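These notes concern the structure reproduced below.
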Amino acid sequence: MSFLNRCLIVFAFYTLMPSLVFAESRFVFGHDAEVRDAETLAVKGNFKAGEVFVVDDSSRSYLVSATGRVPVYFLPNSGDSSEINVSLAPTADWPNEKMKQALSNKLDASLIQISEIKADLSSGNSEAAIAKAERLVSENPDVAFFKLVRASAFFVGGKTDAAKSDLKEAMKSFPDNAEVKQLAAELNMKTGEQ
């Protein structure tokens with residue numbers, strides 16, 4: 001599994017499917033961590049190992065950081081209130097500065113693309129969302145999480161065969177992921193399959 005794929009698994013996939021009802025996301029930290037609102041950088045709390053951070057606003061993203069660890073952006077989860085265990089990677093495990101910057105730039109660009117896809121889906125512009133999701137996957141063909149994003153866009157856009165194909169790929173990498181299971185259930189209900 002690629003480093004970028006491992007980083008993206010940490011992200012809680014958020015409301016790409018407007019038909020889902022938002023449920024709070026619960027993050028349990030494996031070490032002390034500080035949580036900030038990603039837009040305002042306002043501190044939301046300092047958490048000790050084992051403490052739970054509850055997110056009840058699907059429109060916000062959060063920056064989680066800890067001394068000596070790689071900071072990560074979290075996107076709220078939809079339709080799943082299960083706890084997500086979070087342990088940030090030690091900075092010593094990261095590659096050199098040039099590689100760190102390249103990875104950071106790639107991750108930032110991917111997050112922007114995912115936000116644009118979400119905005120397009122929320123505004124009913126599924127064709128634009130699908131085009132952006134297809135570009136995201138073509139630029140990152142080995143990142144299974146992006147196939148889940150594209151499957152969601154296909155689903156909302158009514159392209160069930162394409163959604164099934166991407167979902168099958170996502171299920172290989174994330175067999176226990178709540179969003180994958182939920183999308184599969186929604187897709188099966190829409191197509192009348194089991």
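Where a number appears in this text, it was derived from the coordinates with a stated rule and is not lab data. Everything quoted here is computed from the prediction, not taken from an experiment. Heads up, the Cβs are rebuilt from the backbone with ideal geometry, glycines too, and the neighbour counts pull from every protein chain shown.
Exposure proxy shown here: for VAL137, VAL43, VAL70, the number of other Cβ atoms within 10 Å sets the order, fewest to most, as VAL43, VAL70, VAL137. Straight-distance candidates among the lysines for linking to LYS168, with alpha-carbon spacing under 27 Å and chain neighbours fewer than 8 residues away dropped: LYS106, LYS118, LYS132, LYS147, LYS159, LYS181, LYS190. A simple charge model with +1 on the Cβ of Lys and Arg, -1 on the Cβ of Asp and Glu and nothing else charged puts the dipole of the range 75-194 at about 180 debye relative to its Cα centre. Amide hydrogen proximity for VAL70: with H placed 1.01 Å from N in the peptide plane, the residues at 5 or more positions away or on another chain lying under 5 Å are ALA89, THR91. Between the C-alpha center of the range 147-194 and that of the range 87-140 there is a gap of 20 Å.
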